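Some notes on the structure that comes next.
The values are calculated or read from the model by the stated rules, or taken from the named source; none is laboratory data. In this text, all values refer to a predicted model and were calculated from it rather than measured experimentally. We place every Cβ from the backbone using ideal geometry, glycine too, and count neighbours over all the protein chains shown. Note: areas computed on protein heavy atoms with side chains; ligands, DNA, RNA excluded. Shrake-Rupley method; radii C 1.70, N 1.55, O 1.52, S 1.80 Å.
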Amino acid sequence: MQQPESLLARISRDRTAARMARDNAKISILTTLYSEAANVGLNDGKRESHDHEVVGTIKKFLKNLDEAIEASGDEVLIAERVVVNSYLPAQLTAEEITVIVQDTVDAAVLRLGLDGPSPKLMGEVMSTLKDHYRGRYDGKLASQITKGIINV
């Protein structure tokens, strides 16, 4: 079975397509995004960056673009944001995170023989999210939802 294309490979492929189409704006942002994302893996053992690392780079890019857009309202930056955002995997909704957290807590309570949710489960829930949904959820939101469910 063939491996799905990595996010870094997709950015590279799209950058090449932008070059062929002579889309200078897209070439510029994709070249910068690719370089930053590729450097994460290169700096950690001369390997290709993992998708979750590329997602982290994309999120940093989006944060910086949002700040620059807020300060200037520049339409070029807005267009760049659209391009960069297209590489971000679909994010879990608050409802989806709530279901995952509740299921993880319920399973842990049964497995550990607890009377109910406990603050001790916080690490287990966050570890489950990280292991199975890395790069696809807002950590701050997940933490808030988990604290609500385990009564912290």
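Helix 24-42 axis versus longest C-alpha principal axis of the chain: approximately 50°, rounded to the nearest ten. For a label point 7 angstrom out from the Cα of Val109 toward its Cβ, which stretches of the stretch 118-152 have the backbone nitrogen within less than 17 Å? Of the residues in the stretch 118-152, 118-126, 145-152 have backbone N under 17 Å from the label point off Val109.
If R0 is 22 Å, the Cβ-Cβ spacing of Ala94 and Lys120 corresponds to a FRET efficiency of close to 0.40. Surface exposure of the chain, expressed per residue as accessible area with a 1.4 Å probe, stands at 63 Å². Within the chain, the longest segment free of exposed loop sites, counting GluC sites (Glu not before Pro) that fall outside DSSP classes H, G, I, E and B and have at most 15 other Cβ atoms within 10 Å, spans 49-152. The smallest convex shape that holds all Cα atoms of the chain, its convex hull, gives 160 Å³ per residue. When the alpha carbon gyration tensor of the stretch 40-127 is reduced to an equivalent ellipsoid, the three semi-axes, largest first, read 37, 19, 11 Å.
The H on the amide N of Tyr137, modeled in the peptide plane, is under 5 Å from the matching H of Leu92, each at least 5 residues off or on a different chain.
For the pair the stretch 98-121 and the stretch 136-152, the centres of their Cα atoms are 13 angstrom apart. Couplings 3J(HN,Hα) for the stretch 5-19, derived from phi with the Karplus relation 6.51 cos²θ - 1.76 cosθ + 1.60 (θ = phi - 60°), are 5, 6, 4, 5, 5, 5, 4, 4, 4, 5, 5, 5, 5, 5, 5 Hz, where x marks Gly and Pro. Placing R0 at 22 angstrom, the Cβ-Cβ distance between Arg136 and Asp44 gives a FRET efficiency of 0.55 after rounding to 0.05. Sorted largest first by accessible area at a 1.4 angstrom probe radius, with every protein chain in place, the residues Asp23, Asp131 fall in the order Asp131, Asp23.
Just the number, please: carbon plus sulfur as a percent of the accessible area of the chain, 1.4 Å probe, no ligands or DNA/RNA counted.
Using a 1.4 Å probe with all protein chains present, the chain comes out at 52 percent carbon and sulfur.
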